[in-house]
1. Looking only at the stretch 34-63, which residues are surrounded by 14 or more Cβ atoms within 10 Å (Cβ to Cβ) and β-branched (V, I, T)?
2. List pairs: first in the stretch 1-30 and farther than 18 Å from A50 by Cβ and without any contact (Cβ under 8 Å) to a residue 40 or more places away in the chain, second surrounded by 10 or more Cβ atoms within 10 Å (Cβ to Cβ) and hydroxyl-bearing (S, T, Y), Cβ under 8 Å, 6+ apart or cross-chain?
3. From the list A19, A10, which one is at pLDDT 90 or above and touching a Gly at 6+ places or on another chain (Cβ under 8 Å)?
4. Collect the residues in the stretch 1-33 that are surrounded by 15 or more Cβ atoms within 10 Å (Cβ to Cβ) and of a type in the set (K, R), keeping them in residue-number order.
Amino acid sequence: MPRSYAEIPAVTPESKALARELKRRGFRFLGPTTVCALMQACGLINAHLAGCHARTRVETAREAAREQFSPN
């Protein structure tokens with residue numbers, strides 16, 4: 001959980017893997033940093049700082065989505 005903006009990663013292992021796969025499938029002009037920003041915008045990565053009022057709301061929404069779309 002990041003406590004300062006400097007601790008928020010611009011690239012994650014997941015964004016590197018997704019960028020690599022998208023490039024393999026023909027997407028251009030994107031890299032792991034752009035994909036990481038997309039993942040943050042879509043709610044796949046919670047980049048809100050510790051103590052931010054939105055962090056708790058995002059985590060609650062993510063958990064609800066997990067429960068709703070779980071295979072069981």
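The values are calculated or read from the model by the stated rules, or taken from the named source; none is laboratory data. Just so it is clear, the model here is predicted, and its values are computed rather than measured. Cβ atoms come from the backbone with ideal geometry, glycine included; neighbour counts cover every protein chain shown.
1. T34, V35, I45, V58
2. These pairs meet every condition: A10/T33; V11/T33; S15/T33; A19/T34.
3. A19
4. Correct list: K16 only.
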